[in-house]
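Following: one structure in structure tokens, then a few remarks.
Here, each number is a calculation from the coordinates, and none is a lab measurement. A quick note: this is a predicted structure, and the numbers were derived from the prediction, not measured. Quick reminder, even Gly has a Cβ in these numbers, built from the backbone with ideal geometry, and neighbours come from all protein chains shown.
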Amino acid sequence: MPLTTLGVGGAQFGNLFRETSDEESAAAIDHAWNAGIRYFDTAPHYGLGLSERRMGEALRERPREEYVLSSKAGRLLEPNPGGENALDDDGFIVPANVRRVWDFSRDGIRRSIFESLERLGVDRLDIAYLHDPDEQWATASTTGIEALRELRDEGVVGAIGVGMNQAEMPVQFMLHCDIDVVMLAGRYTLLDRTAERELLPIALDRGVAVVAAGVYNSGLLSSVKVPEDARFNYAQAPAALIEAARDMAAICEEYGVTLPDAAVQFALRHPAVRSVVLGVRTVDHVQSSIERASADLPEDLWTRLDERAYALAAERDR
């Protein structure tokens, strides 16, 4: 089944930064479904399995052949005795009764996928990504990908690939491994065009689908008015980036649209990009995502936003 233009990202269903209820999560997924969204992405990392459990429960009564479901492997969830009395230390408001253990071995990847299937309550994944193998190239590019390829051959997973916050290593996976898809977070946005250099041209040449995530660059592009404390790449945004984002917001305002409208639609303009995955928590988040994706943006706007982005890149290169 082809990916829908918009996909639902499940990190916030794992209580990212604040608690979310089962009911809020289910309502958000229901609203997305009713709006025609059919791509849903999650990971064991998100809330130590909570996101997978919530997403699986919310989709349980939906016809399995009518949606695309992806999860990720590379972090096993191991028992953490005594952790039930503490909170996870990786941004998710959940008890730390299990802990993440990096494992891109064949057995580790197979175990991770089958445990995800159990939490999700399904018998297959449509897409399986290796999750953030930044420091694990040697094993991820050999035993990790080989394990996913075995699972693909067995029909346990469909497409296989990598999900990362950088553009350089996914290029190496495309050049040296048999992958179908790359989930790229934050490296092809209004402000960060890193993927234009190699990743997107190579993806087109090799027929690798690209799923764009992190299109707001950790929040810098998510507000109509860019605040001083805006974040970029999970940290306080540098002054030059805040200035550039504000310039882009002003350009958008001239055309009667908003910066977040452009942020959502930008990546979809490239022919290698099949879907944009947006993290949501509530029905309102889903609805605003849909409205941003459907806003009417004139071609002249893109020309001016491109000019500002390339001016920023030139400033960085000086």
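In bins 5 Å wide, starting from 0, what share of all Cα pairs of the range 213-281 does each bin hold, as a percent?
3, 18, 26, 23, 19, 9, 1
If amide H atoms are built 1.01 Å from N in the plane of the peptide, which residues on other chains or at least 5 residues away come under 5 Å of the amide H of Leu87?
Ala96
Amide H to amide H, which residues 5 or more places from Arg281 or on other chains are under 5 Å from it, using H placed in the peptide plane?
Amide H neighbours of Arg281: Val286.
What residues have an amide H closer than 5 Å to that of Tyr39, excluding those fewer than 5 places away on the same chain, when H is modeled at 1.01 Å from N in the peptide plane?
Amide H neighbours of Tyr39, under 5 Å, 5+ apart: Thr4, Val8, Val68.
Shape verdict for the range 127-170, please, from the Cα gyration tensor: rounded (a/c under 1.5), prolate (a/b greater than b/c) or oblate. Please report the intermediate quantities before stating the final value.
On the way: a/c = 3.14, a/b = 1.68, b/c = 1.87.
In terms of gyration-tensor shape, oblate.
Going by how many other Cβ atoms sit within 10 Å of their own, how do Asp107, Asp317, Asp88, Asp247 line up, fewest first?
Values: Asp107 11, Asp317 6, Asp88 21, Asp247 17.
Ascending Cβ contact count within 10 Å gives the list Asp317, Asp107, Asp247, Asp88.
Go through the range 121-127 residue by residue and turn each phi into a ³J(HN,Hα) via Karplus (6.51, -1.76, 1.60, θ = phi - 60°); whole Hz please, and just put x for glycine and proline.
3J(HN,Hα) across the range 121-127, in whole Hz: x, 10, 9, 7, 10, 7, 9.
For a distance above 24 Å, tell me the whole-number percent of Cα pairs in the range 6-317 that qualify.
Values: 25768 of 48516 pairs.
Looking at the range 6-317, the distances longer than 24 Å represent 53 percent of pairs.
Among Leu184, Leu259, which comes first, second and so on when ranked by fewest other beta-carbon atoms within 10 Å? Can you show the working numbers first?
Numbers: Leu184 29, Leu259 26.
By the 10 Å Cβ count, ascending, the order reads Leu259, Leu184.
Taking the beta-carbon count within 10 Å as an exposure proxy, list Val98, Val8 from fewest neighbours to most.
Values: Val98 18, Val8 28.
Lowest to highest Cβ neighbour count: Val98, Val8.
Of the beta bridges DSSP finds with both residues in the chain, what % are antiparallel, to the nearest 5?
Within the chain, antiparallel bridges account for around 20 percent of the total.
Quick one: 3J(HN,Hα) in Hz for the range 163-179, Karplus 6.51/-1.76/1.60 with θ = phi - 60°, rounded, Gly and Pro as x.
x, 8, 9, 9, 9, 6, 5, x, 4, 5, 4, 5, 6, 10, 10, 8, 10
Write down the Kirkwood hydrodynamic radius of the range 239-278, to one decimal in angstroms, obtained as one divided by the mean of 1/r over all alpha carbon pairs. Please list the in-between numbers first.
On the way: mean 1/r = 0.0892 Å⁻¹.
Over the range 239-278, the inverse of the mean reciprocal pair distance is 11.2 Å.
The range 18-48 to the range 245-310: how many Å between their Cα centroids?
22 Å
Pop out the ³J(HN,Hα) list for the range 7-16 in order, Karplus 6.51 cos²θ - 1.76 cosθ + 1.60 with θ = phi - 60°, rounded to Hz; leave Gly and Pro as x.
After applying 6.51 cos²θ - 1.76 cosθ + 1.60, I find x, 9, x, x, 4, 6, 5, x, 6, 5 Hz.
Using the Cα gyration tensor of the range 54-193, with a ≥ b ≥ c the square roots of its eigenvalues, what is the shape: rounded (a/c below 1.5), prolate (a/b larger than b/c) or oblate (neither)? Write out the running numbers ahead of the final one.
On the way: a/c = 1.39, a/b = 1.17, b/c = 1.19.
Cα axes put the range 54-193 in the rounded bin.
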